[in-house]
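Everything below concerns the one structure shown next.
The values are calculated or read from the model by the stated rules, or taken from the named source; none is laboratory data. Every value quoted in this text rests on a predicted model; they were computed, and no experiment measured them. As a convention, Cβ positions derive from the backbone with ideal geometry for all residues, glycine included, and neighbour counts pool all protein chains shown. The protein model used for the area step is the full one, side chains on, heavy atoms only, and it has no ligands, DNA or RNA in it. Shrake-Rupley method; radii C 1.70, N 1.55, O 1.52, S 1.80 Å.
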Amino acid sequence: MSVVGITKVAKRYGRVTALEDVSMTIADGEFFGLLGPSGGGKTTLLRSIAGFIDPDDGEISIDGKPVKNIPINKRDIGMMFQNYALFPHMTVTDNIGFGLSVRHRPKAEIEARVTELLRLVRLEGFGERKPRQLSGGQQQRIALARALATNPRVLLLDEPLGALDKKLREEMQFELKQIQRNVGITTVFVTHDQEEALTLSDRIAIMSEGKVLQIGAPRDIYERPRTRFAAGFLGTANFFEGTVSGREGGLTRILLAGGTAIFTRDEAPEGRSVTIAVRPEKFTVGGATPAPASDAQVNRIAGRIAGEVFAGNSVTYRIDAAGRIVTVYMQNRMTERLGPDAPVTLTWDPAHSIVLED
Amino acid sequence: MASTSGRTGGIFAIGYVGVILLFLYVPILVMMLMAFNASPLYQLPFDFDLVWFKALAGNDQLLTAARNSVLIAIANTVIATTLGTLTALAFARYHFFGKSLLQILLIPPITIPWLITGTAMLIFFFWTGIGRGLHAILLGHVALSLPYVVIIVGSRLKSYGVALEEAAATLGANGWQTFWRVSAPLMAPGIVAAALFAFAISFDQFVISYFLAPVGVSTLPVEIYSAIRKGFTPEINAISTIIILASMAMMLAFARFSKFGGER
């Protein structure tokens, strides 16, 4: 398998910058997600790796060798297209065998490989069907089998689950990851769906406006987003703007506009204006008169319930606190319901106050 | 209630279709029958005879015209289908300077009356020294049928997009393999339909052929027209019968082919 190197890649269409100074290294066997809004440059990057787009600047390499002058059909990649692009006039067998057939492999070898792949995607016995006789999920698995047939060095997936309905998508997420693990192929996939990115990827690159904002494991990006965009695009976040007003007891104190002070473990120079992000599930909601401050190492602000959305197993509260609306997720295991306008206290660990870079 | 009105509706629909078929086919059937009737004046009782087919076999003028028509139609089909398919491919898959202008210029020849196109061609061919003759007729027919081919093949190309060709490339196929294994089979129903159109346009063409045919040279429609003016003979029924049967056989073959080659 293979390593994909992307170094300072740029692509412009007239005045529009599709990619700007994009660099990343995708490790051998890694399942790497490109996540971002549409128009963020992720598809442009994927198509540049495939060879459909020639970057204006920078270098893309596979196993250390630049691919700039290698045409698409010699790049040794497997690609799964958004709408699968199965050949409608060929059977499933001929679709899967296409890559080997154009390489003039012997018939017996092609047959054996097709059988093996049909077993891998659990569609034995579907070989003689035409793509239109298959369901969406089956077509998706055939497209995957076809992309894997030639044992390519890199697998590229363009919105792999985008065309499936929700239930099927969840099933296929699991299956796709399983197959990728078993085959051990270096995989790059594009998605705008944060949940898909979180569940499938070993690492994620968050892209916006042609730039890479952050690269890291899903958990790392979720727990330590560096920018407002990353915090808001991967998951939900509450933002508090304030000014650093000193350090005490190993914590940095941030003075919010309304005079409330909150604390963070992160360090920041005194006097600087900063934005703090706190994930909605990190809060604990308590009654109006909190237990005496036995533990000073906890953030505590007072607020009022402004709204509630009940979702069965969890409840989303909108709480008016410190001069803003704070979103809070709670597991549904409170004994009494917090009514509208009820005074509450929000507490959270300073470790969950993340100082953002912008 | 609903079922009764449904039934009357059904009867009406069948009757409606029946009347249309009657108007379309009765004249043709009468003509075909009369080709086998001995009487030159269409008198009944019907008296089966192949006399008009025998007469046709001796009518060199009509046969030469028919041969000209078939040859020109075949040549036109080959040339117009090839050029038109390549043009449609270029329009669908490549970006080049002046593309939209060329695409727009393709439409007016379809709407300009053939009489005017014919006159313009006659003047232009005379002026440039191309002159009149079978070559000029062929040139005219190609020019007339090209837009139809481009539009028919183009709409087929648009219907399946570039993704399949891109997929073939990622799987290792070179341009040639992609064309023969992916593009061509998918385009085939469109190409066949376009070819039939090109053939029909040329074979039916009267106006352009009439204008561009010099004295002594003619195509079948032109010859039939002048024969009618001189005085109708049932030989024309005979040759029409042959042509109708041939074209029906062709259409049936196409219907079968498109069922095999087409998808969806």
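So here's what we get for this one:
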{"item": "Scan of the stretch A:48-96 for residues that are more than 14 Å from every other protein chain (Cβ to nearest Cβ), under 20 Å from A:Val9 (Cα atoms) and surrounded by 16 or more Cβ atoms within 10 Å (Cβ to Cβ), ordered by number", "result": "A:Pro55, A:Gly58, A:Ile60, A:Ser61"}
{"item": "Hits in the stretch B:212-223 - residues which are assigned to a helix (DSSP H, G or I) and in contact with a Phe, Trp or Tyr (Cβ under 9 Å, 6 or more places away or on another chain)", "result": "B:Leu212, B:Leu220, B:Pro221, B:Val222"}
{"item": "Restricting the stretch B:145-204 to residues that are assigned to a helix (DSSP H, G or I) and polar (S, T, N, Q), the residue that is nearest to the chain's Cα centre (by Cα)", "result": "B:Ser202"}
{"item": "Filtered residue count, the stretch A:113-132, keeping only those that are small (Gly, Ala, Ser) and either open to solvent by 60 Å² or more (accessible area, probe 1.4 Å) or in contact (Cβ under 8 Å) with a residue 60 or more places away in the chain (or both)", "result": "1"}
{"item": "Boolean, B:Phe125 is under 18 Å from B:Ile191 (Cβ atoms), open to solvent by less than 50 Å² (accessible area, probe 1.4 Å), touching a helix residue (DSSP H, G or I) at 6+ places or on another chain (Cβ under 9 Å) and among the aromatic types (Phe, Trp, Tyr)", "result": "no"}
{"item": "A:Arg203, sole failed condition from (1) free of Cβ contacts under 8 Å to residues at least 12 places away in the same chain; (2) touching a helix residue (DSSP H, G or I) at 6+ places or on another chain (Cβ under 9 Å)", "result": "(1)"}
{"item": "Only listed residue being in a loop (DSSP other than H, G, I, E, B) and either touching a Phe, Trp or Tyr at 6+ places or on another chain (Cβ under 8 Å) or within 21 Å of B:Gly172 (Cβ to Cβ) (or both), chosen from A:Asn69, A:Asn73", "result": "A:Asn69"}
{"item": "Condition broken by A:Gly40, with the remaining ones in (1) in contact (Cβ under 8 Å) with a residue 60 or more places away in the chain; (2) of a type outside the set (Asp, Glu); (3) within 14 Å of another protein chain (Cβ to nearest Cβ) satisfied", "result": "(3)"}
{"item": "Test: residue in the stretch A:23-36 that is within 14 Å of chain B (Cβ to nearest Cβ) and either open to solvent by less than 60 Å² (accessible area, probe 1.4 Å) or at positive phi (or both)", "result": "no"}
{"item": "Flag if A:Arg228 is touching a Phe, Trp or Tyr at 6+ places or on another chain (Cβ under 7 Å), open to solvent by 50 Å² or more (accessible area, probe 1.4 Å) and in contact (Cβ under 8 Å) with a residue 12 or more places away in the chain", "result": "yes"}
{"item": "Long-range neighbours under 7 Å by Cβ, at least six apart or interchain, first residue more than 7 Å from every other protein chain (Cβ to nearest Cβ) within the stretch B:162-184, second outside any helix (DSSP H, G or I)", "result": "B:Arg181/B:Ala173"}
{"item": "Flag for A:Glu241 being open to solvent by 10 Å² or more (accessible area, probe 1.4 Å), in contact with a strand residue (DSSP E or B) (Cβ under 8 Å, 6 or more places away or on another chain) and of a type outside the set (A, V, I, L, M, F, W, C)", "result": "yes"}
{"item": "Cβ pairs under 8 Å, 6+ apart, first in the stretch B:101-129 and under 17 Å from B:Phe206 (Cα atoms), second aromatic (Phe, Trp, Tyr) and surrounded by 13 or more Cβ atoms within 10 Å (Cβ to Cβ)", "result": "B:Ile110/B:Tyr148; B:Gly118/B:Tyr210; B:Gly118/B:Phe211; B:Thr119/B:Phe211; B:Met121/B:Phe211; B:Leu122/B:Phe211"}
